[in-house]
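Notes to accompany the following structure.
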Amino acid sequence: MMPNCTWCQYFRTFLRDVAQGLFIITHSGLATVGLTAASLVVALWLNPSWLHMTEGAVFNWLRERQVLLSWLPENTAERATAVKLETLTPSQAAVAQWLGRKYKVASEPLAALVAEAYVQSKKSKLPPHLILAVMAIESNFHPFAQSQVGAQGLMQVMTDIHEKRYEDYGGRFAAFDPIANLRVGVAVLAEAIKIRDGSIEDGLKFYLGGYALTEDGGYVAKVLAEQELLNQVAAGKKVPTN
């Protein structure tokens with residue numbers, strides 16, 4: 001019994017020493033952190049310019065990582081709306097170049113839209129070339145287009161109706177930001193197709209005019225024809241732009 005009791009006593013002493021050591025280390029560490037934080041707060045308070053710079057750095061860090069997007073809207077003014085064609089896959093680059101020639105638009109901004117269309121395609125389950133075709137027919141890739149009834153931007157979204165969808169991007173004027181308009185337009189189109197039981201044709205009609213639409217004026221046919229041309233371009237076929 002004695003050896004076992006001696007071993008128990010050594011073990012308890014060891015545990016007590018370890019616990020005391022951890023307490024001292026933790027206490028010292030917390031004290032250091034506290035002093036550092038307090039010093040930082042005092043320094044920022046004494047120098048407002050440092051505080052402003054720190055706030056900007058933190059906000060940018062949060063935006064880049066899409067932290068609390070609904071609370072901290074995306075700063076669209078600081079986001080690049082053009083990318084190099086080399087960053088796209090060969091088929092995507094071909095689509096961007098073809099659209100640039102057809103609609104007399106620089107290929108780099110179109111490359112950004114093509115890349116985003118593919119990203120949104122995965123999220124919405126809509127074909128990427130359908131998304132691009134809607135932009136083509138709706139606005140000819142003119143991000144500042146506005147119709148007589150108030151449809152705005154690349155995908156001619158009715159901002160008055162869908163204003164809440166732009167809150168995460170800074171408000172209703174984000175309708176004229178290409179990427180924000182594309183994302184909102186895709187969400188509206190996906191919802192329209194869902195409302196029409198998954199039918200792309202009926203969804204496009206609903207996207208165009210809602211329940212009140214009786215005649216689409218060839219709109220659906222134009223969008224689907226443009227989508228097919230883009231499919232051919234992406235497949236490597238030579239497709240005329242006229």
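No lab work stands behind these numbers, since they all come straight from the coordinates. In this text the structure is predicted, and so the values were computed from the model without any measurement. Reconstructed Cβ throughout: ideal geometry from the backbone, glycine too, with neighbour counts over all protein chains shown.
Annotations
- Relative packing of peptides 205-212, 234-241, 177-184 - highest average C-beta neighbours within 10 Å first: 177-184, 205-212, 234-241
- Between Asp202 and Val149, the simple spin-label model (points 7 angstrom out along Cα→Cβ) gives 2.0 nm.
- Leu88 long-range amide H proximity, modeled H, under 5 Å: none
- Chain lengthening between Tyr103 and Lys238 when straightened (0.36 nm per residue, less Cα-Cα): 46.9 nm
- For the residue pairs Lys102/Lys205; Lys84/Lys104; Lys102/Lys238; Lys104/Lys237; Lys164/Lys222; Lys102/Lys222, alpha carbon separations beyond 22 Å are given by Lys102/Lys205; Lys164/Lys222.
- Coarse-grained scattering of segment 85-234 at q = 0.16, 0.19 Å⁻¹, given as base-10 log I(q)/I(0) from a Debye sum over alpha-carbon atoms: -0.83, -1.18
- Amide H within-cut-off set for Met158, under 5 Å, with H built and near neighbours excluded: Gln152
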